[in-house]
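Presented below is the structure to which this report refers.
Derivation of every value follows stated rules applied to the coordinates shown; laboratory data play no part. For clarity, every value in this text was computed on a predicted model and none was experimentally measured. Every residue, glycine among them, receives a Cβ derived from its backbone with ideal geometry; neighbour counts consider all protein chains shown.
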Amino acid sequence: SAVISQKPSRDICQRGTSLTIQCQVDSQVTMMFWYRQQPGQSLTLIATANQGSEATYESGFVIDKFPISRPNLTFSTLTVSNMSPEDSSIYLCSVEAPPDEQYFGPGTRLTVT
Amino acid sequence: QKEVEQNSGPLSVPEGAIASLNCTYSDRGSQSFFWYRQYSGKSPELIMFIYSNGDKEDGRFTAQLNKASQYVSLLIRDSQPSDSATYLCAVREGKLIFGQGTELSVKP
């Protein structure tokens, strides 16, 4: 399976600011995803990061709040914009490699004060 | 609404016993089924996947799939305290749909 890294691993941010989370994969992958896991909850898909085109967002998530970049087949960023305490969560990057097998990065633990 | 249902637990079993984790899903057209293990403070780790009806064994883990009854289960034989974690069932319905997870506690 692919090796996935994320930066930062954790951060504490003030409300109203933005944080960009980076996801790096050690091999080229077609499918990259961003998830959120709130405390004590399961995983919620935010969006699918598409290389060379706009991300595909799930219901309840919008590009203005969670802009995503995917400049190549090994890298993606997720920005959490204009943060509020409700955005405190773990954000996870995920890839399909090989096809149909989905693996997760180590996650970014975000606390908004 | 496509759903994946799991008992939240906690499920407590003694060391050496068989732990049985169950999951039901709503979409009859689902073809791929996955089990993830998530230790506290860590990200989910893929441990098993199954596509066909029946059993699939990998070491101490056995995944069981029954498409007619729309359930998938995970058996952990000879449970160890290191198996204590939350186990997430996921079903592919285009995208992966995750259950809420079952917390397993293996007592020494």
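Some values worked out for this structure:
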{"item": "Alpha-carbon centroids, the stretch B:84-108 and the stretch B:1-80: separation in whole Å", "result": "7 Å"}
{"item": "Relative pair counts by distance (%), Cα atoms of the stretch A:41-99, 10 Å bins", "result": "20, 55, 23, 2"}
{"item": "Dipole magnitude of chain B about its Cα centre (Cβ charges: Lys, Arg +1; Asp, Glu -1), debye to nearest 20", "result": "200 debye"}
{"item": "Cα centre as origin, Lys/Arg/Asp/Glu Cβ charges: the protein assembly as shown dipole, Debye", "result": "260 debye"}
{"item": "Positive-pole candidate from A:T74, B:L96, B:L46, dipole of the protein assembly as shown, charges at beta carbon", "result": "A:T74"}
{"item": "Solution diffusion estimate, µm²/s, Stokes-Einstein, the protein assembly as shown, Kirkwood Rh from C-alpha pairs, 25 °C, viscosity 0.890 mPa s", "result": "135 µm²/s"}
{"item": "Coordinate range along principal axes, alpha carbons of chain A, Å, largest first", "result": "38, 26, 22"}
{"item": "HN-Hα J in Hz across the stretch A:27-44 - Karplus 6.51, -1.76, 1.60, θ = phi - 60°, x for Gly and Pro", "result": "8, 6, 10, 7, 9, 10, 9, 10, 10, 10, 10, 7, x, x, 10, 7, 8, 10"}
{"item": "Among B:V13, B:V72, B:V91, residue whose mean-square fluctuation peaks in a GNM of chain B (springs only between Cα atoms under 10 Å)", "result": "B:V13"}
{"item": "Computed lengthening from A:A2 to A:S59, 0.36 nm per intervening residue step minus Cα-Cα distance", "result": "17.7 nm"}
